[in-house]
Amino acid sequence: MAPLLSIEKLVVRLPSGADRAYALKDVSLELSANEILCVVGESGSGKSVLAAAIMGLLPPEVRVEEGRIVFEDQDIIRLPGDLQRRIRGARIAMIFQEPMTALNPLHRIGDQIGEMFRAHTRMSAGDIERKVLALLDEVLIPDPWSAARAYPHELSGGQRQRAMIAMALALEPKILIADEPTTALDVTTQAQILNLICGLQRRKGMAVLFITHDFGVVAEVANRVAVMRNGLLVEQGPAEKILNAPSEPYTKALISAVPSLKPPPPRPVSPHPILRIDGLTKVYSQRSPFAGRRVTHALNDVTLEVAEGSTLGIVGESGSGKSTLARCIVGLLKPDAGAIHLGPLNMTALSRAERRRESHRVQIVFQDPYGSLNPRRRAGDLVAQGPIAHGVPAREARDRARRLFALVGLDPASADRFPHEFSGGQRQRIGLARALALEPELLVADEPVSALDVSVQAQVLKLLADLRKQLGLSMVFITHDLRVAAQICDHIVVMKDGFVVESGSANDVLGAPQQEYTQLLVRSIPGQDRLVTAN
């Protein structure tokens, strides 16, 4: 049977000045009806460029130089623009990686889904509204009527992704391209989205091109796998073969970089706490002209301890209170009740000026390595900024910054470059160097590896473990990835709706969870029964 989509020796050239000449070089792939082909590789491997080429969405400076993309007996990259538009969305649809960016913030969800019908059909307004509600119901969004009238920011991340799926499925395409659709989602929402895509694919007989860097996801959904590196297709074959008997060293390295859910042997931990949190409570109150006052209990009587030199993991779904807790610990938010003790010092009882003087003792590494660095300042200046603000002479602070660059695995000479000149993993190292510049006693890491692919993630986790050992750091490590928590954390606290629902050693919480919610989190980890990691 002929493939539904055939990519033949595709060559895509990058503009001059790029880090390499070609985004894709001699890539050949086939996608058949009723199958899921996973394209996997690190950032920069060419996965998203491949998707953009199929959709006809390459930017003007990036061009197809050679090769063909054949769909329904037509080379679609050679078609005129109006014919490409008839295929795009109607016959080949795409779920984009970041729904908050892909959705128009000024238009309601229902109007954006309805645009598919207004652009490609002659359906009446009433029929379009009924179809939109049916689609939202099909992708399991609760209360489709309210969701259709909501703006993107009024939906959760998982609901936004479901709305994107509804939009992609509106015209019942033959091919669905899913570009990293679960990367930023917590483990239970990720499992729901994967189940939804697989269920829809089976019911509708679609072909799915699923782009990801997560081999756990690959193990969960793929029929076949194609592995890419630096624009080249290095290996492809049935999922079982690629996962269990890969032939290429690069594929083996990617699979081995997936963190194991089994924690390493426990380390000896100090009996002395460096951080004590007693009864911490934080309530957000927001007034809406339509819904009145909305009250959210982000933290509810949270009590926990961090032993000196240890790493405490905080895990839970989005909205569980993890990031609110992190911001309270570092002083970016003031709790409504409770106390935060750093050693003998009650940080919540300090005045603003006293808190500023003591702020060097607790530092934070933020989740987004792109948004947390000022793009207008050189990397070395960003690292030196904190010490200078605390009275360190500028020259000494810049020398310290260069030493920290070497400590976190960056070339000290690169301190004169701007953030956009670094990769995502390098930017996260800059964020780590900036946090360490003030020589903190406690480091709070808020989802520091969630935006990174598995190999870079493994490098950053190893770096954190080495720094903990070398500097005697104590850490609060916040994550929704239980595999990551297993490898980096001595103890784990599980949060849900602002409450601590379970706590204990990493071995106890992940190996024999007692609470039903923790058991659900562990069961939701993708590929855990199909993917055997090397570490």
Here is a list: VAL218, VAL234. Which entry is surrounded by fewer than 20 Cβ atoms within 10 Å (Cβ to Cβ), within 11 Å of LEU254 (Cβ to Cβ) and either touching a strand residue (DSSP E or B) at 6+ places or on another chain (Cβ under 7 Å) or of a type outside the set (Lys, Arg) (or both)? VAL234
Please go through the stretch 52-68 and give me each residue that is in contact (Cβ under 8 Å) with a residue 60 or more places away in the chain, closer than 16 Å to ILE92 by Cβ and surrounded by fewer than 23 Cβ atoms within 10 Å (Cβ to Cβ), ordered by number. MET55, ARG68
Filtering the stretch 69-109 down to residues that are under 18 Å from LEU169 (Cα atoms) and either at pLDDT below 85 or touching a His at 6+ places or on another chain (Cβ under 7 Å) (or both) yields GLY89, ALA90, PHE96, GLN97, GLU98, PRO99, ALA102
Sort through ILE175, ILE113, ILE128 and tell me the only one that's touching a helix residue (DSSP H, G or I) at 6+ places or on another chain (Cβ under 6 Å), modelled with pLDDT of 90 or more, of a type outside the set (Ser, Thr, Tyr) and under 25 Å from SER48 (Cα atoms). ILE113
Scan the stretch 90-99 and tell me whether some residue there is farther than 30 Å from SER146 by Cβ and touching a residue at least 12 places away in the same chain (Cβ under 8 Å). yes
Tell me whether the stretch 22-45 contains one or more residues that are of a type in the set (Gly, Ala, Ser) and at pLDDT 95 or above. yes
Quick one: which helices (runs of 4 or more DSSP H) lie wholly within the stretch 438-535 and hold at least 2 residues that are within 24 Å of PRO268 (Cβ to Cβ)? 454-471, 482-488, 506-511
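Residues are listed down the side, and each one gets a yes or a no for (1) modelled with pLDDT under 90; (2) surrounded by 20 or more Cβ atoms within 10 Å (Cβ to Cβ):
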position	(1), (2)
ARG427	yes, yes
SER455	yes, no
VAL460	yes, yes
PHE477	no, yes
CYS489	no, yes
Quick one: LYS334 ticks every box in (1) surrounded by 15 or more Cβ atoms within 10 Å (Cβ to Cβ); (2) under 28 Å from the mean Cα position of the chain (by Cα) except a single one, so which number is it? (1)
GLY391 within 16 Å of the chain's Cα centre (by Cα) and either outside the structural domain of ASP481 (by TED's automatic domain parsing) or among the basic types (Lys, Arg) (or both): no
Only one residue in ALA413, ALA433, ALA394 is buried (at least 21 other Cβ atoms within 10 Å of the Cβ) and among the small types (Gly, Ala, Ser). Which one? ALA433
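Which of the helices (runs of 4 or more DSSP H) contained wholly in the stretch 141-249 include at least 3 residues that are among the small types (Gly, Ala, Ser) and under 22 Å from the mean Cα position of the chain (by Cα)?
In the stretch 141-249, 157-169 are the helices (runs of 4 or more DSSP H) which contain 3 or more residues that are among the small types (Gly, Ala, Ser) and under 22 Å from the mean Cα position of the chain (by Cα).
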Report, by residue number, each residue of the stretch 322-378 that is touching a Lys or Arg at 6+ places or on another chain (Cβ under 9 Å) and closer than 19 Å to ALA307 by Cα. LEU325, CYS328, ALA339, ILE340, HIS341, LEU342, GLY343, LEU345, MET347, GLN363, ILE364
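Listed here are the residues, each with its yes/no results for (1) among the charged types (D, E, K, R); (2) touching a Lys or Arg at 6+ places or on another chain (Cβ under 9 Å); (3) within 24 Å of ALA207 (Cα to Cα); (4) surrounded by 17 or more Cβ atoms within 10 Å (Cβ to Cβ).
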{"position": "ILE113", "(1), (2), (3), (4)": "no, yes, yes, yes"}
{"position": "SER124", "(1), (2), (3), (4)": "no, no, no, no"}
{"position": "LEU155", "(1), (2), (3), (4)": "no, yes, no, yes"}
{"position": "GLN159", "(1), (2), (3), (4)": "no, no, yes, yes"}
{"position": "ARG162", "(1), (2), (3), (4)": "yes, no, yes, yes"}
{"position": "THR182", "(1), (2), (3), (4)": "no, no, yes, yes"}
Within the stretch 337-359, which residues are buried (at least 17 other Cβ atoms within 10 Å of the Cβ) and not hydrophobic (A, V, I, L, M, F, W, C)? GLY338, HIS341, THR348, SER359
Condition met for ALA147 (more than 30 Å from SER43 (Cα to Cα), in contact (Cβ under 8 Å) with a residue 24 or more places away in the chain and out of contact with any Pro (no Cβ under 7 Å at 6 or more places or on another chain)): yes
For LEU136, only one of the following conditions fails: (1) in contact (Cβ under 8 Å) with a residue 24 or more places away in the chain; (2) over 22 Å from the mean Cα position of the chain (by Cα); (3) surrounded by fewer than 20 Cβ atoms within 10 Å (Cβ to Cβ); (4) in a helix (DSSP H, G or I). What is its number? (3)
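The values are calculated or read from the model by the stated rules, or taken from the named source; none is laboratory data. Note that this is a predicted model, so its numbers are computed, not measured. Quick reminder, even Gly has a Cβ in these numbers, built from the backbone with ideal geometry, and neighbours come from all protein chains shown.
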